[in-house]
Amino acid sequence: MSKEGLRKRKGEVNGQEDGSSIQSHEPQTTQLQKQVGLISGICMIVGTIIGSGIFVSPKSVLANTGAVGPCLITWAACGILATLGALCFAELGTMITKSGGEYPYLMEAFGPIPAFLFSWASLLVIKPSSFAIICLSFAEYASAPFFSDCDPPQVVTKCLAAAVIVIITIVNSLSVKLGSYLQNFLTAAKMIIVTIIIVSGIVLLAQGRTENFESSFKDSTISVSSIGLAFYNGLWAYDGWNQLNYITEELKNPYRNLPLAIIIGIPLVTVCYVLMNISYFTVMTSTELLQSQAVAVTFGDRVLYPASWIVPLFVAFSTIGAANGTCFTAGRLVYVAAREGHMLKVLSYISVKHLTPAPAIMFYGVVAIIYIIPGDIDTLINYFSFAVWIFYGLTVFALIVMRFTRKELRRPIRVPIIIPVIVTLVAILLVLAPIISAPELAYLYCVLFILSGLIVYVLFVHFKFNWPQKISKPITMHLQMLLEVVPAEEVTE
């Protein structure tokens, strides 16, 4: 398609928004389009956060707190921390209106090296491992009914997880609207089962099922390390609170919709999580909950029989929704990193027909499939949680730094400075707690891998060794013909 035809099809370049915030300066003709509204933004947050964790393994928090009372307090505190972190990201996202989440914020605050290390760790560890974890959880849930007498074979779960990754990758490569509509539908589906569990629990409480809440703090095992590990597991279930910052360039009226989606979405998830845990405790003692393989299924078997089959069905919808939201946002990180010259150039191309970063999304899906082959869920969670909180803390610290170094930037949202200070300190605790309480080589390997990005940066970004670009040139040419993708700078204003 000619440049003129592309202009006619997509319209002339719009003017810049007023203000001095840092924005993407790409021409409108090849820019990701603003197609995500407030409702879709809320659904993106809720749908990405609520995955398999709250349905399958809230027992991890209980195991580290030892009693019902501290367990419920931990779930609420994790929600508060996620909200505080998201408010910090809202200030960053309205001050620097570029897609890519933490990447552009680290770039502006600390320069290219920390930003590159984030993209290096995220593209090869954090994001694909999260995608793989969610899809493996879906595969185990979906295949369990067919293997009632034993655990599903690994080959079955891994093939099913890979198939889900392929389907979600294709959907998000074809259309932003299709990905958003799928997210909205799956979020509605998971909210149905959340509502069923919560309402059932309220009815049971009204009927007097309160015996499991008596002496709620008895036998609690509270210590610095146990609190840290309890937060570690609880915050895994809340992960996704920063997802809208990855698609800021596609969010309609981000100055309004980004903070509104955060203020509505994350507290809604927090209330749901606390009420769901209360519902679980109405029918299970602490011991029974710890022994359950899938808490929501146990709840369904005891309360919803003979309609208990709806629980695994809707939990499957929930995990697919979380996977879809993760894929939708993470593909934008690949795109932005490549646009800055920190990844292969082909990954910064945009589909002319669909206006999606199709090569970046496909790359992300391929890496996630690679993680499925040798990995198990527990190992992937260890890598993910440890690495992600290093960069969460660094990004929130960047907000504090830019309060003093970039005073000229417009800040439509300005959170009290105490909030990013608290989030930064908690992030440090969350990184150090598992190392102190249960040191494992996996954490050392993760740090070494992140630091190995320095070698890659020096060779291929600083000294600009371009042989990877030359090797990938035939692939780029084939992708341009097959997917109708073009580089962002090909069309000029």
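Worth a mention:
- Residue match in the range 109-122 (condition: open to solvent by 10 Å² or more (accessible area, probe 1.4 Å) and either under 25 Å from PRO267 (Cβ atoms) or not in a helix (DSSP H, G or I) (or both)): yes
- Note on the range 139-167: among residues that are at pLDDT below 85 and not hydrophobic (A, V, I, L, M, F, W, C), the one that is farthest from VAL46 (Cα to Cα) is ASP149.
- Residue match in the range 168-179 (condition: assigned to a helix (DSSP H, G or I), modelled with pLDDT under 85 and open to solvent by less than 70 Å² (accessible area, probe 1.4 Å)): yes
- Any pair with Cβ under 9 angstrom, 6 or more apart, that starts in the range 249-272 at a residue that is more than 27 Å from TRP236 (Cβ to Cβ) and among the polar types (S, T, N, Q) and ends at one that is open to solvent by 20 Å² or more (accessible area, probe 1.4 Å) and in a helix (DSSP H, G or I): ASN253/LEU38
- Taking (1) within 25 Å of ILE192 (Cβ to Cβ); (2) open to solvent by 10 Å² or more (accessible area, probe 1.4 Å) in turn, GLU340 satisfies each apart from (1).
- Of everything in the range 185-212 that is under 23 Å from GLU250 (Cα atoms) and open to solvent by less than 40 Å² (accessible area, probe 1.4 Å), the residue that is modelled with the lowest pLDDT is THR187.
- Unmet criterion (only one of (1) over 20 Å from ALA161 (Cβ atoms); (2) outside any helix (DSSP H, G or I); (3) open to solvent by 10 Å² or more (accessible area, probe 1.4 Å); (4) not aliphatic (A, V, I, L, M)) for ARG403: (2)
- So THR83, is it among the polar types (S, T, N, Q), in contact with a Pro (Cβ under 9 Å, 6 or more places away or on another chain) and either open to solvent by 20 Å² or more (accessible area, probe 1.4 Å) or not in a helix (DSSP H, G or I) (or both): yes
- Note on the range 86-108: residues that are of a type in the set (Asp, Glu), modelled with pLDDT of 90 or more and open to solvent by less than 10 Å² (accessible area, probe 1.4 Å) amount to 1.
- Top-ranked residue in the range 47-63 [being touching a Leu at 6+ places or on another chain (Cβ under 8 Å) and either at pLDDT 85 or above or not in a helix (DSSP H, G or I) (or both); ranked as surrounded by the fewest Cβ atoms within 10 Å (Cβ to Cβ)]: ALA63
The values are calculated or read from the model by the stated rules, or taken from the named source; none is laboratory data. All values reported here derive from a predicted model rather than from experimental measurement. Cβ sites come from the backbone with ideal geometry, for glycine too, and all protein chains shown count toward neighbours. We work out accessible area using only protein heavy atoms, side chains counted, and drop any ligands, DNA or RNA first. Shrake-Rupley method; radii C 1.70, N 1.55, O 1.52, S 1.80 Å.
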